[in-house]
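*Asks:* Can you read through this structure? Questions will come right after.
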Amino acid sequence: MCAKSCAGGSLQSTAKKHNAKMWRYVDSKFEKCLPGGIVMMANDSVNLTKSNMSSCATHHTAIYMGNGYIAEASGYSTGIVKRKRTPNSQWFFMRIEELSNTDKKSNDNSGESGSNNNSTSDNESGKNCINQSGTIDGHKYIYRFANARCTAYGANSGSGCDIPLKLGKTAGMSNVPYGTKIYIPALKGKYIKDKNGKSVTCDGILTINDCGVSMSDCDIYMSTYSDSNAESIMGNPFRSEIYVISWGSGHGTSWSFTSSYKWAYERGVLSNYKTAFKNYISNGGVLINFYKFRSDDKNIRSSKYWKILNS
């Protein structure tokens, strides 16, 4: 892919030869993006469709760095810069087959210091669930969830157990004991101030104390005011490694995905979550494949809930 031109079309044609996956920003925002993906910006005159991305006229390219950041050339005097820009409907993304194949192997490799221990105590958990211990940013961890989908929620409705909500310090997750402590590197140093004037600087460590209808792997408590305020503070949902520092005990265990979908189904609202579910499951899912503490999601792919959400 070296020395190819965004303006001349050679970058797109070469990516196509490498069986690159291509998708538009307007279809899934940054949801499918992983670091190392190619960001393309089509000319304003282009009517960008799902079928013309490999041949349309473009004027700029960048590399996706994660968490909404891109690396791009910013002129001869400035060079390469890493920053966030406001995307628009002319943006699309490419990920070549070699990187996609590497993504599939992520369960077997890690950039952190640590070791895999695929013991039977993991109850045969599946994709993106890695029975591994190690150290990240000075934190010792005992398990890792790869490429987990993180979202935000708010208001002050109470938690799912006896551990109270705490701004920027608690979160909802399925299939884990309440009281579990996790570390998300992308949250470290993030400053939160909600519409009630409550503020905190996150250290990346969260205590699990809640769950809901499971459409993400980690739903972070980011506002005492409202869900929409929390979503505004976070920005787009992002994917990140989640490191388990310790498993909780004495507070109960959160719902499985199956239990949460049953709850929504019995209230006639499960079909309202189809888009959110498809965004969640686009990488094969993470906590939905985790069976260490609950095993009822092992059969979820043959359930009526699965059929409804994928319809």
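Laboratory data are not the source of any read-out in this text; all were calculated from the coordinates shown. Remember, predicted model here, so these are calculated numbers, not experimental data. Here the Cβ is made from the backbone with ideal geometry for all residues, glycine too, and neighbour counts use every protein chain on show.
*Asks:* What ranking of TRP263, TRP91 emerges when the number of other C-beta atoms within 10 Å of each C-beta is taken as an exposure proxy, fewest first?
*Replies:* Sorted ascending by nearby Cβ count, the order is TRP263, TRP91.
*Asks:* Among TYR69, TYR225, what is the fewest-to-most ranking by other Cβ atoms within 10 Å?
*Replies:* TYR69, TYR225
*Asks:* Take the cross-link list LYS127/LYS274; LYS140/LYS262; LYS21/LYS181; LYS278/LYS298; LYS166/LYS292; LYS32/LYS190 and give me the ones stretching past 28 Å between alpha-carbons.
*Replies:* LYS140/LYS262; LYS21/LYS181
*Asks:* Return GLU98, GLU231 ranked ascending by Cβ neighbour count within 10 Å, so the fewest neighbours appear first.
*Replies:* GLU98, GLU231
*Asks:* If you average the C-alpha positions of segment 234-293 and of segment 32-46 separately, how far apart do those two centres end up, in angstrom?
*Replies:* 29 Å
*Asks:* Using only helices, what value at 222 nm comes out for the chain when you add -39,500 (n - 2.57) per DSSP H run of length 4 or more and divide by the total residues, to the nearest 500 deg cm²/dmol?
*Replies:* Rounded to the nearest 500, it is -4500 deg cm²/dmol.
*Asks:* Further question on the same structure: Starting from the Cα gyration tensor of segment 10-100, take the square roots of the eigenvalues, sort them a ≥ b ≥ c, and report rounded, prolate or oblate (rounded when a/c is under 1.5, otherwise prolate if a/b is larger than b/c, else oblate).
*Replies:* Rounded shape, in that the Cα axes give a/c under 1.5.
*Asks:* Now for a separate question. Of ILE281, SER259, LEU187, which is farthest on the positive side of the dipole of the chain, counting Cα position, with +1 on Lys and Arg Cβ, -1 on Asp and Glu Cβ, and the Cα centre as origin?
*Replies:* Farthest along the dipole direction, towards plus: ILE281.
*Asks:* Rounded if a/c is under 1.5, else prolate if a/b is larger than b/c, else oblate: which is the chain, with a ≥ b ≥ c the root eigenvalues of its Cα gyration tensor?
*Replies:* Cα axes put the chain in the prolate bin.
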